[in-house]
Structures are given as structure tokens and as C-alpha cells.
Amino acid sequence: MLKYFVLFTLGYYTLFASQAALDAFKKQDYEKAFSLYQKEAKAGDLASQNALSYLYFNGIGTAKDLEKGLWWLEKAAKAGDLRAQYDLGMIYLSGQPLEKDSIKARYWLQKAANQNKPEAQYNLALIYYNGDGVDQNVSQSALLLESAAQQGYQPAVQNLGAVYMRLLKFDKAIPWLEKNAKAGDAHSAYLLGEIYISKGEKDHARVWILQAMEAGMPEAKVLWQEQKFQP
């Protein structure tokens, strides 16, 4: 099962557009920050459009206005801004602060995934894995996870092996499971034990099942006993 689903929350990083506006924000002069971001957003600065949407969504330096926040975020996203595309996707996926829309979530996350944003690839993989508003497609989920994992995105690294195992692609599953198991993940160690048992390599299986068992996994203890391993 995929884990570590990362929900988007409008964040402080969004505000790193204009130094003058950021300085005003840090000084809690929010009306001045809003005015500066608005001026630069209207001039076409994508980062400022992102920041302005954040201020509108949260009612900082101006009255809270979800419609205007969405308008500026969409404007930046349609212009190709990676952060805006990801933010929109996560807003629609989480249903916060706007109503959930699986189709729009998938559309914008795909845009960000196409620009190799690992967080977008991971969350899009989750959509396909769960069949959230789309036909379930575990193979597509694995491809997206692979891309995110190759960039070092830990939630993808932690889940890719299990997804490949579900697809019965054991040769692809083993390296990722071993990476996690060596980092102390008992579930990955247990899955490795299952794989090596299916391959008839009981000596390899024993090592990983023992690790999972010592970590307290009851399933590993049952498997250990079924295979009649000795301490």
C-alpha cells in the first residue's frame, strides 16, 4: 500500500518572489507586502502571482478571497509555472481550500510531473494506484514512482519496491526493497523474504525474515516458523 501521501498546504516558500515584498512580509507589514506583490504580479512576474494567490487564499494583507486566489494561481500555472501547477493539483486533490476535483487535480499534477517535479509524480502515482477519479493503473503508478525515486524523493523510494512486487516484477522490486530494508524498514525486509522464498533462495530469505522478525513483525515470525528456519 502506498504511504506518506503528502498533502499540499499553502506555504511560506511561495512568498520568495520580490525581496522588497518579502522584507515587508517578514516585518508583518502585510498590506505593503500585498501591494508590492500585486504590482509585480500584474507586471507578469510568475513568482509574485504565486505569492499573491497565497495572500488571497489566507486573507493576509487583504480580505480573504478564494476566487481571486484561484485566478492568480491559475494564471501562473497556465503560463507554465511549475510551483503553481503543483499547488493547483494539490488544492484540487486535497479539497482545501477549494472543493475537491479529481479531474483537475490529475490535469495539473500531470503538468507538474511532466516538468519532473517528484512530489507531483508521487501524488499522481497515488491517484493511479488508488483509482481516484481514474481507472486504476498500477503500472502507470510504478513508472511515476520510479521517476520520483530516481530523484531521491523518499516517499517514492519507500514505496516503489512494494508496488513492483504487486506487479510481480521481482527483479525491479529487490533493489528498492533492499535499500529500504538496509535503512531499517521491517516491512521491506519481510517482502524481500517472501520474494526470495518464491525464488527458492531460502538462505537469502532467512536473513531478511530474521530482520523483520527481530523488528517485531508478527507476520515475519509466522513465516519463519512456516519455513522451519533455525535461529
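Please treat every number below as a calculation from the coordinates, not as lab data. Bear in mind the structure is a predicted one, so any value in this text is a computation, not a measurement. Note: ideal-geometry Cβ built from the backbone for every residue, glycine included; neighbour counts use all protein chains shown.
Under 23 Å Cα-Cα from Lys100, which lysines qualify once same-chain neighbours fewer than 8 residues away are excluded?
Excluding near neighbours in sequence, the set is Lys3, Lys64, Lys68, Lys75, Lys78, Lys111, Lys117.
Return the equivalent ellipsoid semi-axes of the stretch 10-79 as a descending list in whole Å, where each equals the square root of 5 times an eigenvalue of the C-alpha gyration tensor.
17, 13, 10
Using a simple charge model, +1 on the beta-carbon of Lys and Arg, -1 on the beta-carbon of Asp and Glu, nothing else, what dipole does the stretch 10-79 show about its Cα centre, in debye to the nearest 20?
20
With θ taken as phi - 60° and the coefficients 6.51, -1.76 and 1.60, list the Karplus ³J(HN,Hα) couplings across the stretch 177-188 in order, rounded to whole Hz; mark glycine and proline as x.
Here the 3J(HN,Hα) series is 5, 5, 4, 6, 4, 5, 8, x, 7, 5, 4, 5 Hz.
Taking one equal scatterer on every alpha-carbon of the chain, how large is log10 of I(q)/I(0) by Debye at q = 0.12, 0.16, 0.17, 0.18 1/Å?
Log10 of I(q)/I(0), two decimals: -0.73, -0.99, -1.06, -1.14.
Among Ala105, Ala41, Ala24, which one shows the biggest mean-square fluctuation in a GNM of the chain, springs joining Cα atoms closer than 10 Å?
Largest GNM mean-square fluctuation: Ala24.
When a footprinting reagent is the concern and you count Cβ atoms within 10 Å, what order do Arg83, Arg166 take, fewest first?
Arg166, Arg83
Select from Ser147, Ser102, Ser198 the residue whose mean-square fluctuation is largest in a Gaussian network model of the chain (Cα-Cα springs shorter than 10 Å).
Judging by the Gaussian network model, the answer is Ser198.
As a footprinting exposure proxy, order Leu109, Leu66 by other Cβ within 10 Å, with the fewest listed first. Each step should come with its number before you reach the end.
Numbers: Leu109 29, Leu66 14.
The fewest-first ordering by Cβ neighbours comes to Leu66, Leu109.
If the elastic network links every pair of Cα atoms under 10 Å, which of Gln136, Gln154, Gln19 fluctuates the most in the Gaussian network model of the chain?
Taking springs between Cα atoms under 10 Å, the residue moving most is Gln19.
Along the charge dipole of the chain, Cβ charges K/R +1 and D/E -1, which of Asn114, Ile91, Leu145 sits furthest on the positive end?
Asn114
Determine, from the Cβ-Cβ distance of Glu178 and Asp203 and an R0 of 22 Å, the FRET efficiency 1/(1 + (r/R0)^6), rounded to the nearest 0.05.
Numbers: r = 15 Å, r/R0 = 0.69.
E between Glu178 and Asp203, to the nearest 0.05, is 0.90.
Could you size up the charge dipole of the chain around its Cα centre, putting +1 on the beta carbon of Lys and Arg and -1 on that of Asp and Glu, and report it in debye to the nearest 20?
Dipole of the chain, to the nearest 20 debye: 140 debye.
Length gain on complete extension for the stretch Trp71 to Asp171, per 0.36 nm per residue less the alpha carbon to alpha carbon distance? Present the calculation step by step, with values, prior to reporting the outcome.
Details: separation 100, 0.36 × 100 = 36.00 nm, distance 4.66 nm.
Extra length available between Trp71 and Asp171 comes to 31.3 nm.
Students often get this wrong, so check it: of Lys172/Lys221; Lys182/Lys202; Lys179/Lys202, which have C-alpha atoms separated by over 22 Å?
Values: Lys172/Lys221 26 Å; Lys182/Lys202 19 Å; Lys179/Lys202 20 Å.
Pairs exceeding 22 Å: Lys172/Lys221.
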